[in-house]
């Protein structure tokens, strides 16, 4: 990896992280509101929150984090990676629930696993 490629990767990673903090906060807010006002079902709440956050994430990550154009190819790949992230989010939340953990710990576990998974796939596949 050349110094320029390394610098670009770091820049994408930092932008993705900033976007991720925002989108993660949005995800958590939607999940908590769902649990408190719709139904006390953490796996479903995380699924709904993930869908909302995915739309916002695509727009910001495509145009800013990865400096790409909004187009069908990246949208399709983004959605496929997001579907994998959705499944991962629901499995992690379900595992936390089955372990008897408080739903907020499940949300934290989702917030720690899904972003790393999606960055790697977006960087090396979605936007290549």
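Quick note: the coordinates plus some simple rules give every number you see, no bench work behind them. Fair warning: this is a prediction, and the values are worked out from it, not measured in the lab. Note that we place each Cβ from the backbone using ideal geometry, even for glycine, and neighbour counts take in every protein chain shown.
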### Message
Just want to confirm a number: the relative contact order over the chain, from Cα pairs under 8 angstrom separated by 6+ residues, in percent.
### Response
26
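How long are the semi-axes of the ellipsoid equivalent to segment 1-46, from square roots of 5 times the Cα gyration tensor eigenvalues, in whole Å, largest first?
Its equivalent ellipsoid spans semi-axes of 36, 9, 4 Å.
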### Message
Given the -39500 (n - 2.57) contribution per DSSP H run of 4+ residues, what per-residue ellipticity at 222 nm results for the chain, rounded to the nearest 500 deg cm²/dmol?
### Response
-27500 deg cm²/dmol
### Message
Given points 7 Å out from each Cα along the Cα-Cβ axis, report the residue 32 to residue 98 separation in nanometres with one decimal.
### Response
2.7
### Message
Just to be sure I understand, if you calculate semi-axes √(5λ) of the Cα gyration tensor in Å for this structure, which of [x] 28, 14, 12; [y] 20, 18, 12; [z] 23, 18, 16 do you get?
### Response
[x]
### Query
Taking 0.36 nm per residue of separation and subtracting the Cα-Cα distance, what length does fully extending residue 39 through residue 14 add?
5.5 nm
### Query
Taking 0.36 nm per intervening residue step and subtracting the Cα-Cα distance, what contour gain separates residue 56 from residue 75 on full extension?
5.6 nm
